[in-house]
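Okay, so here's the structure we're looking at.
The values are calculated or read from the model by the stated rules, or taken from the named source; none is laboratory data. Since the model is a prediction, treat every value here as computed from it, not as a measurement. A quick note on method: Cβ atoms are made from the backbone with ideal geometry, for glycine too, and the neighbour counts reach across all protein chains shown. Keep in mind that these areas ignore ligands, DNA and RNA; they rest on the heavy atoms of the full protein, side chains included. Shrake-Rupley method; radii C 1.70, N 1.55, O 1.52, S 1.80 Å.
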Amino acid sequence: MFGFLKGLGVTLSQLPRKKVTLQYPDVMPEWPERFRGVHRFIPELCIVCNQCARICPTSCISLSGTRDENKKLRIDTYDINFDICILCDLCTEVCPTESILMSDTFELASYSRDDLYLDMHWLYENELRYERAHPDRVAPAQLEKAGEA
Amino acid sequence: MWDWQNASPLTGLNFVAMVVGAVVVLAIGLGVVTYTIYAERKVIGWMQGRIGPNRVGPFGLLQSIADIVKLLIKEDVVPERADRVLFLLAPVIAFIPSFMVLAVIPFSARHPFTANLAVGALYYIALSAITIHGVMLGGWASNNKYALIGGMRSAAQMLSYEVPLGLSLVGVILMAGSLNLNDIVEAQARSGWWYIVPQFLGFCVFLVAATAELNRTPFDLPEAESELVAGYHVEYTGFRFAFFMLTEYLYLFAMGGLMATLFLGGWTGPWLPGWLWFAIKVFAFIFFQFWLRATMPRIRVDQLMSFSWKVLLPLALLNLVVTAVLKAFLS
Amino acid sequence: MAQTEETLERLGVPADKLEHHRLRLDDDPDVRTEEMLLNVGPQHPSTHGVFRLLVKIRGETILDAEPVIGYLHRGTEKLAEDLQYTQIIPYTDRLDYLAAMLNNYALCHTVEEALGLEIPERAEYLRVIVMELQRIASHLLFIGTYLLDLGAMSPFLYVFQERERIVQMFNKICGARLTYNYMRIGGVKWDAPPGWLDEVRAFVPFMKERIKMYDDLITGNEIFLNRTRGIGQYDTETALKYGLSGINLRCTGFAWDLRRKKPYSIYDRFEFDIPVGTRGDCFDRYYLHLLEMQQSLRIVEQALDQIPDSGPVLGKVPKLIRVPKGEYYSGIEGARGELGFYIVSDGKDKPYRLKIRKPSFVNLQLLPELLRGQNIANLIAILGAVDIVLGEVDA
């Protein structure tokens, strides 16, 4: 008959518990290493193989490159349209040189659609930002490779 | 000049004192409402693992004030197809009685702002019934189906719970032998126990009926968000909406005061000053309402009705008869 | 009369259906009653998404109800025809967005069956662990939203605390909180990061305690019982007739769980029960969610004990996945019922046609039948207990 009293006990017992609210944006969430935020891009590593653009389920990546004096392909433009990107991570999965990677940037809201059209410079800036924020996560080999190229 | 409780109120300084008293009570009422809303959000937040308002002012203390300011400067929208006159009138009709009932609540032993009304309890019940008109008219005038259903439900609910609420008071009135709320407090002090003990059944009926009368969980059908979107005030914006909110929380305060007066000995109590005892008792009632809101699902509308007529009313009547018989035999 | 017709036009009732909705006077000459069309949704707090329900009521009795769906239609099935099989996986995340892992698995499982792929042991265990955690997360959200529909606010905020822990674990293993894209054809994308399995192991006792808390908080509450006992009741025959599955079928006492009846993955290695209801009402449906979470925890515990310490997580899969010509179907026990993918392949790397058996969509078909003749006050209680996810209904 008085089953609801048990319920009242439950809610009262929650009163002194530790609160779970995260004070975003004063306190930022901590993202794990695999977190799939907005991409970062290292132009020096890219070999213009176009695999990322082909695997993309929403065709949001477009890129172009030219051959330099050593007959090596160099990336010229690399754009991701974040209007339609679904952050599925398939592009980083197929990239043979790990030049396109995911970062932990996640705040994508913007007043204009144009702001969501991210070009190579923005993506490289994002890479630098990521390296500054997580020096421990950037593999030394990768840094070396970037230095060589 | 503060003796107008006993002297004629309409002479000279007494009249000024009366006006000042009304303004002071209004200010107290508004302050209590502001911080009741704040406390509600904090307490329910804590019960749900949240921290509640914390951005405006220290500990979010100015949150309610910010909300009021927001509501004040909002655009006042009157729907095109609404019944304009009634739509504008409804919040006023709802609000005025909620403030007027505060006139009879005895806040402390010797303060000048309480009308020493011989029919205090009756006055409360009668005036609080007027609010139903405001709610129903608001729902009707909005010309919105959800608001209409909300308003009708509200009227039906408040009317049905008015009856057991009134009857549960009668037991106390019989024991005290007076309808005057001041006298009832004094009668409790004389008898040596709070009426919650001899009138426990009446107290339970009062508590349930009061919750329903206040439209609070689990009886918050008139404003069931998940069913009626918001109920009778769905079309109201800005300050008119604020008036409905104000009405609701003023009644919460007034009903807490009524309960403290009738069942918990009002301002009487050892050691502490009378007004503090009164505040503690009122807040206990208000906290209980928050606690219920954090726990209970909503009752269904037809069950609500049958609960009032088939359970509460017989219990209230039984309480009344037993009280009357005992009083007759013991005296 | 004219006004009603105007209203009907505004609501977009087609001309040939006007007669059906037209107001009729009651037979009693003294009492004039009108039927009223109540438009629940598409923006209504309790329709769990953009779902519109056109309810015809007389007084407080529901005469008829007509679900209007399609507000969230994205054409997943058509889009899939132009995508390689791996590319379809992120799209399945967005079907039933509360149980994306299960959707991922259902697609991968169908393709793997078609190809006859061997899945590495560790991958299978990881899959089972994440799928059962996902089932718990999904059921938790059902309990939260259902109680919110019924007017209780706290359970909704409590369930998010446990769900947050699950979602954080998913975030660690696959980098996303809602649209995981974790499964791959032939295995899973990532192995568990160091310490992840211990985290899951620590979660199990915590969750058990919380389930007990929900039992205390909700199950015994008289108001909750009054609102759900005997409401929205149907029997096994009706359920089978409408093709219901999942908890909507099991609540009638019919023990049908694909994990047991047609074992897929490695479910034949685990011990678990299929909880069934007795009356087939809303209360049974609520309670089964609670019981199923316990069973899922049992499976997770066993999987944690049995999982091999190391090994590959992705089997030998051809670089370009071509499904041999033919038609393939396989269903799994999703969070809401039988979730199946039907693939017609003409031997290319993209499906010729993909059809998804969406449990929410099928379960929704019973709704008008359940609502007819009910009091309008029961509408939300019944709709909530059918447990639809609009991303899946509209696909």
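Scaling against 2.2 N^0.38 Å puts the C-alpha radius of gyration of the range B:222-330 at 1.42. Dipole check for chain C: with +1 at the C-beta of Lys and Arg, -1 at the C-beta of Asp and Glu, and the Cα centre as origin, the magnitude is about 1160 Debye. Is the shape of the range C:76-394 best called rounded, prolate or oblate, per the rule: a/c under 1.5 gives rounded, else a/b larger than b/c gives prolate, else oblate, with a ≥ b ≥ c the square roots of the Cα gyration tensor eigenvalues? Oblate, because a/c is 1.5 or more while a/b does not exceed b/c. Can you work out ³J(HN,Hα) from phi for every residue in the range A:20-28, in order, using Karplus 6.51 cos²θ - 1.76 cosθ + 1.60 and θ = phi - 60°, giving whole Hz and x for Gly and Pro? Karplus values, whole Hz, x for Gly and Pro: 9, 4, 9, 7, 5, x, 5, 10, 8.
Pull out a ≥ b ≥ c, the square roots of the eigenvalues of the alpha-carbon gyration tensor of the range C:206-275, then state rounded if a/c is under 1.5, prolate if not and a/b is larger than b/c, and oblate in the remaining case.
The shape class here is oblate.
For the range C:127-234, a Kirkwood hydrodynamic radius built from all Cα pairs, placed in the Stokes-Einstein relation at 37 °C and 0.692 mPa s, yields a translational diffusion coefficient of 212 µm²/s. Interface of B with C. Using a 1.4 Å probe and counting protein heavy atoms only, the two chains hide about 2400 Å² of accessible surface, both sides summed. With the highest mean first, a sort of the peptides B:21-34, B:202-215 on other beta-carbon atoms found within 10 angstrom per residue produces B:202-215, B:21-34.
What the Cβ-Cβ distance of B:Asp76 and C:Gln365 gives, at R0 = 56 Å and to the nearest 0.05, is a FRET efficiency of 0.80.
I'd like the orientation of helix A:4-14 relative to chain A: the angle between its Cα long axis and the longest Cα principal axis, in ° from 0 to 90, rounded to 10. Computed tilt is about 50 degrees.
Listed by chain and number, the lysines placed with their C-alpha closer than 28 angstrom to that of C:Lys78 are C:Lys189, C:Lys319, C:Lys325, C:Lys348, C:Lys350, C:Lys355, C:Lys358; residues fewer than eight positions away on the same chain are left out.
Would you tell me the mean number of C-beta atoms belonging to other protein chains that fall within 10 Å of each C-beta in B:42-54, as a whole number? Please report the intermediate quantities before stating the final value.
Working: counts 0, 1, 5, 3, 6, 12, 15, 12, 4, 4, 2, 0, 2.
Other-chain Cβ atoms within 10 Å of each residue's Cβ, averaged: 5.
Considering every alpha-carbon pair of the range C:26-125, the percent of pairs per 5 Å bin, from zero through the bin containing the longest distance, is 2, 10, 13, 14, 12, 9, 9, 8, 7, 5, 4, 3, 2, 1, 1, 0. I'd like the FRET efficiency for C:Glu81 and A:Glu69, computed as 1/(1 + (r/R0)^6) with the beta carbon distance as r and R0 of 56 Å, rounded to 0.05. Once the sixth-power term is evaluated, E becomes 0.80.
Summing both sides, how much accessible area is buried between B and A? Use a 1.4 Å probe and give Å² to the nearest 100. It would help to have the intermediate numbers written out before the result.
Numbers: alone 15730 and 10570 Å², together 25080 Å².
Summed over both sides, the interface buries about 1200 Å².
Once the Cα-Cα distance is subtracted from the 0.36 nm per residue extended length, the B:Leu159 to B:Trp309 segment shows a gain of 52.9 nm. Between B:Asn54 and C:Gln168, the simple label model (points 7 Å from Cα in the Cβ direction) yields a spacing of 1.6 nm. From its DSSP helices (H runs of at least four residues, each -39,500 (n - 2.57)), chain A gives a residue-normalised ellipticity at 222 nm of -8500 deg cm²/dmol. Restricting the trypsin sites (Lys or Arg not before Pro) of the range B:1-107 to loop positions (DSSP other than H, G, I, E, B) with no more than 11 neighbouring Cβ atoms within 10 Å leaves B:Arg55, B:Arg81.
For the range C:63-111, the share of alpha carbon pairs falling in successive 5 Å distance bins from zero is 4, 19, 25, 21, 13, 7, 6, 3, 2, 0 percent.
Highest GNM mean-square fluctuation, chain C, Cα pairs closer than 10 Å: which of C:Phe361, C:Phe341, C:Phe206? Maximum among the listed residues: C:Phe206.
Would you mind computing Rg(Cα) / (2.2 N^0.38 Å) for the range C:296-353, counting N as its residues? Each step should come with its number before you reach the end.
On the way: Rg = 16.5 Å, N = 58, 2.2 N^0.38 = 10.3 Å.
Cα-based Rg divided by the globular estimate yields 1.61.
Protein heavy-atom accessible surface, 1.4 Å probe, per residue over the protein assembly as shown: 43 Å².
Tell me, what does the Kirkwood hydrodynamic radius of the range A:23-118 come to in angstroms if you use every pair of distinct C-alpha atoms? Radius from the Kirkwood sum: 14.6 Å. Measuring r between the beta carbons of C:Lys325 and C:Leu178 and using R0 = 51 Å, the FRET efficiency lands at 0.90. Residue ranges C:144-155, A:121-132, A:61-72, C:304-315 sort as C:144-155, A:121-132, C:304-315, A:61-72 when ordered by packing (mean number of other C-beta atoms within 10 Å per residue, highest first). For a paramagnetic label modelled at 7 Å from the Cα of C:Glu222 toward its Cβ, which residues of the range B:264-293 fall within the zone defined by backbone nitrogen distances under 20 Å? B:288-293, by backbone N distance to the label point. Summarising the label geometry, the points placed 7 Å from Cα in the beta-carbon direction at B:Phe288 and C:Asp305 lie 5.0 nm from one another. Across all Cα pairs in the range B:184-276, the calculated P(r) in 10 Å bins from zero up to the longest distance comes to 15, 35, 26, 17, 8, 0 percent per bin.
Restricting the trypsin sites (Lys or Arg not before Pro) of the range C:248-353 to loop positions (DSSP other than H, G, I, E, B) with no more than 12 neighbouring Cβ atoms within 10 Å leaves C:Lys316, C:Lys319, C:Lys325, C:Lys348.
Peptide C:163-175 shows a mean partner chain C-beta count of 3 within 10 Å per residue C-beta. Taking trypsin sites (Lys or Arg not before Pro) across the range C:60-146, the ones in a DSSP loop with at most 14 further Cβ atoms lying within 10 angstrom of their Cβ are C:Arg74.
What's the carbon and sulfur percent of the protein assembly as shown's accessible surface, probe 1.4 angstrom, rounded to a whole number?
60 percent
The C-A contact accounts for approximately 2400 Å² of buried accessible area, totalled over both chains at a 1.4 Å probe radius.
Rg over Rh for the protein assembly as shown works out to 1.04, using Cα positions for both radii and the Kirkwood form for Rh. Based on DSSP H segments of at least four residues, each scored -39500 (n - 2.57), chain B has a per-residue ellipticity at 222 nm of -22500 deg cm²/dmol.
I want to verify the translational diffusion coefficient of the range C:95-173 in µm²/s; compute it with Stokes-Einstein, Rh as the Kirkwood radius over Cα pairs, at 37 °C and 0.692 mPa s.
On the way: Rh = 14.0 Å.
It comes out at roughly 235 µm²/s.
Which residues in the range B:58-86 place their backbone N less than 14 Å from a point set 7 Å from the Cα of B:Asn143 along the Cα-to-Cβ direction? Residues passing the 14 Å test: B:78-86.
The orientation-averaged projection of the convex hull spanning the C-alpha atoms of chain B amounts to 18.6 square nanometres.
Working from label points 7 Å from Cα in the Cα-to-Cβ sense, the C:Leu240 to C:Lys261 distance is 0.9 nm.
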